[in-house]
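The values are calculated or read from the model by the stated rules, or taken from the named source; none is laboratory data. Just so it is clear, the model here is predicted, and its values are computed rather than measured. Methodologically, a virtual Cβ is constructed for each residue, glycine included, from the backbone with ideal geometry; neighbour enumeration extends over all protein chains shown. Note: areas computed on protein heavy atoms with side chains; ligands, DNA, RNA excluded. Shrake-Rupley method; radii C 1.70, N 1.55, O 1.52, S 1.80 Å.
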Amino acid sequence: MIPSTSPILAAFLSGCVAAGATAAGTLPALFARTIAQRTQDTMFGFGAGVMLAASAFSLALPGIHAAQSHGAGPWHAGGIVAASILVGASLLLLLDRVVPHEHFIKGPEGLSSQRIKRAWLFVFAICLHNLPEGLAIGVGFAGTDTAHGLALAAGIAIQDIPEGLVVAVALMAAGYARGYSVMVGMASGLIEPVGALIGAGVVVDFPLLLPVGLGFAAGAMLFVVSHEIIPESHRQGHENFATGGLMVGFVMMMMLDTALG
(Lines give C-alpha, C1' and ligand atoms only; values in the text may rest on other atoms or scores of the structure.)
Protein backbone atom coordinates (compact mmCIF):
# COMPACT_ATOMS: atom_id res chain seq x y z
CA MET A 1 0.00 0.00 0.00
CA ILE A 2 2.78 2.46 0.91
CA PRO A 3 4.49 2.61 -2.53
CA SER A 4 1.17 3.59 -4.20
CA THR A 5 0.78 6.73 -2.09
CA SER A 6 2.47 10.08 -2.49
CA PRO A 7 6.15 10.20 -1.41
CA ILE A 8 5.42 12.51 1.51
CA LEU A 9 2.56 10.35 2.80
CA ALA A 10 4.61 7.19 2.27
CA ALA A 11 7.50 8.71 4.21
CA PHE A 12 5.20 9.77 7.05
CA LEU A 13 3.54 6.35 7.26
CA SER A 14 6.92 4.62 7.26
CA GLY A 15 8.12 6.97 9.98
CA CYS A 16 5.04 6.04 11.99
CA VAL A 17 5.86 2.35 11.49
CA ALA A 18 9.38 2.98 12.81
CA ALA A 19 7.94 4.88 15.78
CA GLY A 20 5.54 2.00 16.39
CA ALA A 21 8.43 -0.45 16.34
CA THR A 22 10.19 1.61 18.99
CA ALA A 23 7.04 1.60 21.10
CA ALA A 24 6.60 -2.16 20.68
CA GLY A 25 10.18 -2.71 21.74
CA THR A 26 9.56 -1.06 25.10
CA LEU A 27 6.75 -3.46 26.09
CA PRO A 28 8.96 -6.26 27.47
CA ALA A 29 10.25 -3.71 29.99
CA LEU A 30 6.82 -3.91 31.66
CA PHE A 31 7.73 -7.43 32.76
CA ALA A 32 11.54 -7.56 32.77
CA ARG A 33 13.27 -5.36 35.30
CA THR A 34 16.59 -5.41 33.51
CA ILE A 35 18.48 -7.03 30.65
CA ALA A 36 22.10 -8.11 30.71
CA GLN A 37 24.60 -5.42 29.76
CA ARG A 38 26.11 -7.81 27.22
CA THR A 39 22.71 -8.13 25.55
CA GLN A 40 22.27 -4.37 25.51
CA ASP A 41 25.67 -3.91 23.88
CA THR A 42 24.82 -6.54 21.27
CA MET A 43 21.61 -4.65 20.50
CA PHE A 44 23.53 -1.39 20.19
CA GLY A 45 25.93 -3.09 17.79
CA PHE A 46 23.05 -4.46 15.74
CA GLY A 47 21.57 -0.98 15.37
CA ALA A 48 24.95 0.41 14.38
CA GLY A 49 25.31 -2.22 11.67
CA VAL A 50 21.88 -1.45 10.23
CA MET A 51 22.66 2.27 10.13
CA LEU A 52 26.09 1.74 8.57
CA ALA A 53 24.66 -0.39 5.76
CA ALA A 54 21.75 2.01 5.28
CA SER A 55 24.16 4.93 5.00
CA ALA A 56 26.08 3.18 2.22
CA PHE A 57 23.51 1.16 0.25
CA SER A 58 20.30 3.14 0.78
CA LEU A 59 21.65 6.69 0.96
CA ALA A 60 25.17 7.39 -0.34
CA LEU A 61 25.11 5.17 -3.44
CA PRO A 62 21.58 6.20 -4.51
CA GLY A 63 22.66 9.81 -3.92
CA ILE A 64 25.56 9.42 -6.34
CA HIS A 65 23.27 7.78 -8.91
CA ALA A 66 20.73 10.60 -8.49
CA ALA A 67 23.40 13.23 -9.07
CA GLN A 68 24.58 11.41 -12.20
CA SER A 69 21.00 11.24 -13.49
CA HIS A 70 20.93 15.04 -13.27
CA GLY A 71 23.97 15.26 -15.54
CA ALA A 72 26.85 15.24 -13.04
CA GLY A 73 29.97 13.29 -13.91
CA PRO A 74 31.37 10.58 -11.62
CA TRP A 75 33.72 12.92 -9.72
CA HIS A 76 31.16 15.70 -9.53
CA ALA A 77 28.43 13.33 -8.29
CA GLY A 78 30.73 11.80 -5.71
CA GLY A 79 31.84 15.26 -4.59
CA ILE A 80 28.25 16.43 -4.10
CA VAL A 81 27.37 13.45 -1.92
CA ALA A 82 30.71 13.57 -0.06
CA ALA A 83 30.26 17.25 0.79
CA SER A 84 26.67 16.59 1.90
CA ILE A 85 27.84 13.75 4.15
CA LEU A 86 30.30 16.08 5.85
CA VAL A 87 27.64 18.79 6.26
CA GLY A 88 25.19 16.29 7.79
CA ALA A 89 27.79 15.04 10.24
CA SER A 90 28.84 18.60 11.10
CA LEU A 91 25.27 19.63 11.90
CA LEU A 92 24.86 16.65 14.23
CA LEU A 93 28.17 17.55 15.87
CA LEU A 94 26.87 21.09 16.42
CA LEU A 95 23.63 19.78 17.91
CA ASP A 96 25.61 17.41 20.10
CA ARG A 97 27.60 20.35 21.45
CA VAL A 98 24.67 22.73 21.93
CA VAL A 99 21.68 20.59 22.96
CA PRO A 100 21.91 19.38 26.58
CA HIS A 101 21.69 15.60 26.71
CA GLU A 102 23.01 12.68 28.69
CA HIS A 103 24.52 9.42 27.51
CA PHE A 104 23.64 6.32 29.49
CA ILE A 105 27.31 5.68 30.26
CA LYS A 106 29.33 8.80 29.40
CA GLY A 107 27.10 11.13 31.41
CA PRO A 108 25.97 14.73 30.74
CA GLU A 109 27.07 16.70 27.67
CA GLY A 110 26.03 19.97 26.09
CA LEU A 111 25.36 23.41 27.52
CA SER A 112 23.88 23.81 31.01
CA SER A 113 23.09 20.11 31.31
CA GLN A 114 23.34 20.24 35.12
CA ARG A 115 20.24 22.44 35.32
CA ILE A 116 17.90 20.18 33.42
CA LYS A 117 16.13 17.20 34.91
CA ARG A 118 18.00 14.05 34.00
CA ALA A 119 14.93 12.46 32.39
CA TRP A 120 14.84 15.18 29.75
CA LEU A 121 18.57 14.79 29.15
CA PHE A 122 17.86 11.18 28.21
CA VAL A 123 15.00 12.31 25.96
CA PHE A 124 17.23 14.82 24.15
CA ALA A 125 19.89 12.17 23.60
CA ILE A 126 17.34 9.76 22.16
CA CYS A 127 15.91 12.43 19.86
CA LEU A 128 19.39 13.29 18.58
CA HIS A 129 19.74 9.61 17.73
CA ASN A 130 16.34 9.15 16.06
CA LEU A 131 16.16 12.38 14.05
CA PRO A 132 18.65 11.23 11.36
CA GLU A 133 16.71 7.99 11.00
CA GLY A 134 13.51 9.90 10.27
CA LEU A 135 15.27 12.24 7.84
CA ALA A 136 16.77 9.24 6.05
CA ILE A 137 13.36 7.59 5.65
CA GLY A 138 11.86 10.80 4.25
CA VAL A 139 14.65 11.44 1.78
CA GLY A 140 14.64 7.78 0.76
CA PHE A 141 10.97 7.90 -0.22
CA ALA A 142 11.35 11.27 -1.97
CA GLY A 143 13.61 9.71 -4.61
CA THR A 144 12.45 8.08 -7.82
CA ASP A 145 13.04 4.55 -6.48
CA THR A 146 10.72 3.84 -3.57
CA ALA A 147 12.35 0.42 -3.10
CA HIS A 148 15.28 2.10 -1.34
CA GLY A 149 12.85 3.90 0.92
CA LEU A 150 11.08 0.64 1.75
CA ALA A 151 14.34 -1.15 2.50
CA LEU A 152 15.58 1.71 4.63
CA ALA A 153 12.33 2.02 6.57
CA ALA A 154 12.18 -1.75 7.15
CA GLY A 155 15.75 -1.89 8.43
CA ILE A 156 15.30 1.08 10.74
CA ALA A 157 12.02 -0.29 12.10
CA ILE A 158 13.67 -3.65 12.86
CA GLN A 159 16.56 -2.06 14.73
CA ASP A 160 14.17 0.28 16.56
CA ILE A 161 12.60 -2.69 18.37
CA PRO A 162 15.64 -3.57 20.51
CA GLU A 163 16.49 0.12 20.75
CA GLY A 164 13.14 0.85 22.41
CA LEU A 165 13.76 -1.90 24.95
CA VAL A 166 17.28 -0.65 25.71
CA VAL A 167 16.00 2.89 26.27
CA ALA A 168 13.23 1.79 28.64
CA VAL A 169 15.50 -0.53 30.63
CA ALA A 170 18.24 2.10 30.85
CA LEU A 171 15.79 4.62 32.29
CA MET A 172 14.57 2.07 34.81
CA ALA A 173 18.15 1.34 35.80
CA ALA A 174 18.66 5.08 36.33
CA GLY A 175 15.88 5.02 38.93
CA TYR A 176 12.75 6.00 37.01
CA ALA A 177 9.43 4.21 37.47
CA ARG A 178 8.63 1.34 35.13
CA GLY A 179 5.57 2.99 33.56
CA TYR A 180 7.34 6.31 33.11
CA SER A 181 10.36 4.63 31.52
CA VAL A 182 8.15 2.76 29.06
CA MET A 183 6.23 5.93 28.17
CA VAL A 184 9.41 7.90 27.52
CA GLY A 185 10.79 5.01 25.48
CA MET A 186 7.63 4.98 23.36
CA ALA A 187 7.69 8.74 22.93
CA SER A 188 11.33 8.67 21.83
CA GLY A 189 10.29 7.29 18.43
CA LEU A 190 7.84 10.11 17.66
CA ILE A 191 10.62 12.27 16.22
CA GLU A 192 10.99 9.80 13.33
CA PRO A 193 7.72 10.57 11.46
CA VAL A 194 8.46 14.27 11.99
CA GLY A 195 11.93 13.86 10.52
CA ALA A 196 10.48 11.78 7.66
CA LEU A 197 8.02 14.56 6.81
CA ILE A 198 10.78 17.17 6.82
CA GLY A 199 13.14 15.09 4.69
CA ALA A 200 10.51 14.11 2.14
CA GLY A 201 8.95 17.57 1.98
CA VAL A 202 12.20 19.36 1.23
CA VAL A 203 13.29 16.93 -1.49
CA VAL A 204 9.86 16.72 -3.14
CA ASP A 205 9.67 20.53 -3.35
CA PHE A 206 13.25 20.79 -4.60
CA PRO A 207 14.03 17.59 -6.60
CA LEU A 208 17.55 18.73 -7.45
CA LEU A 209 18.34 18.51 -3.73
CA LEU A 210 17.82 14.73 -3.74
CA PRO A 211 21.57 13.86 -3.90
CA VAL A 212 22.25 16.47 -1.23
CA GLY A 213 19.47 15.16 0.99
CA LEU A 214 20.60 11.55 0.66
CA GLY A 215 24.19 12.49 1.47
CA PHE A 216 23.10 14.70 4.37
CA ALA A 217 21.05 11.89 5.93
CA ALA A 218 23.95 9.47 5.44
CA GLY A 219 26.35 11.85 7.19
CA ALA A 220 23.98 12.37 10.10
CA MET A 221 23.57 8.62 10.55
CA LEU A 222 27.31 7.97 10.28
CA PHE A 223 27.93 10.57 12.98
CA VAL A 224 25.44 8.92 15.32
CA VAL A 225 27.00 5.49 14.72
CA SER A 226 30.57 6.64 15.32
CA HIS A 227 29.98 9.21 18.05
CA GLU A 228 27.16 7.61 20.02
CA ILE A 229 26.39 3.96 19.37
CA ILE A 230 29.75 2.24 18.92
CA PRO A 231 31.42 3.95 21.91
CA GLU A 232 28.44 3.07 24.11
CA SER A 233 28.45 -0.56 22.95
CA HIS A 234 32.20 -0.99 23.62
CA ARG A 235 32.50 0.85 26.93
CA GLN A 236 31.56 -2.09 29.18
CA GLY A 237 34.07 -4.54 27.69
CA HIS A 238 31.68 -6.45 25.43
CA GLU A 239 33.38 -5.50 22.16
CA ASN A 240 33.10 -8.96 20.64
CA PHE A 241 29.35 -9.16 21.18
CA ALA A 242 28.82 -5.58 20.00
CA THR A 243 30.90 -6.25 16.89
CA GLY A 244 28.99 -9.47 16.23
CA GLY A 245 25.73 -7.56 16.47
CA LEU A 246 27.09 -4.91 14.12
CA MET A 247 28.03 -7.52 11.51
CA VAL A 248 24.60 -9.16 11.68
CA GLY A 249 22.85 -5.80 11.42
CA PHE A 250 25.00 -4.72 8.48
CA VAL A 251 24.40 -7.95 6.55
CA MET A 252 20.65 -7.89 7.28
CA MET A 253 20.31 -4.31 6.02
CA MET A 254 22.42 -5.10 2.94
CA MET A 255 20.20 -8.06 2.14
CA LEU A 256 17.04 -6.00 2.64
CA ASP A 257 18.31 -3.33 0.28
CA THR A 258 19.31 -5.93 -2.30
CA ALA A 259 16.02 -7.86 -2.06
CA LEU A 260 13.75 -4.82 -2.14
CA GLY A 261 15.90 -2.70 -4.43
Among Ser69, Ser58, Ser188: highest mean-square fluctuation, GNM of the chain, C-alpha pairs under 10 Å: Ser69
Over the chain: helical MRE at 222 nm, DSSP H runs n ≥ 4 each giving -39500 (n - 2.57), nearest 500: -24500 deg cm²/dmol
Helix 74-98 axis, angle to the chain major axis (alpha carbon atoms, nearest 10°): 30
Neighbourhood charge, 12 Å Cβ-Cβ cut-off, centred on Phe44 and excluding it, Lys, Arg +1 and Asp, Glu -1: -3
Cα-based helix-to-principal-axis angle, 191-205 vs the chain, degrees rounded to 10: 10
The chain - percent of accessible surface contributed by carbon and sulfur, probe 1.4 Å: 72
Relative contact order, percent, the chain [alpha-carbon distance under 8 Å, six or more residues apart]: 43
Given charges at beta-carbon only (K, R positive; D, E negative), |dipole| of the chain in Debye: 620
For Arg235, solvent-accessible area (1.4 Å; no DNA, RNA or ligand), Å²: 120
Protection proxy ranking, peptides 220-229, 191-200, 86-95, average beta carbon neighbours within 10 Å, highest first: 191-200, 220-229, 86-95
Global form of the chain, assessed from the alpha-carbon gyration tensor, a/c cut-off 1.5: prolate
Translational D in µm²/s for segment 11-57 (Stokes-Einstein at 20 °C, 1.002 mPa s, Kirkwood Rh from C-alpha pairs): 171
Accessible area per residue, Å², the chain with all protein chains present, probe 1.4 Å: 43
For Ile230, solvent-accessible area (1.4 Å; no DNA, RNA or ligand), Å²: 50
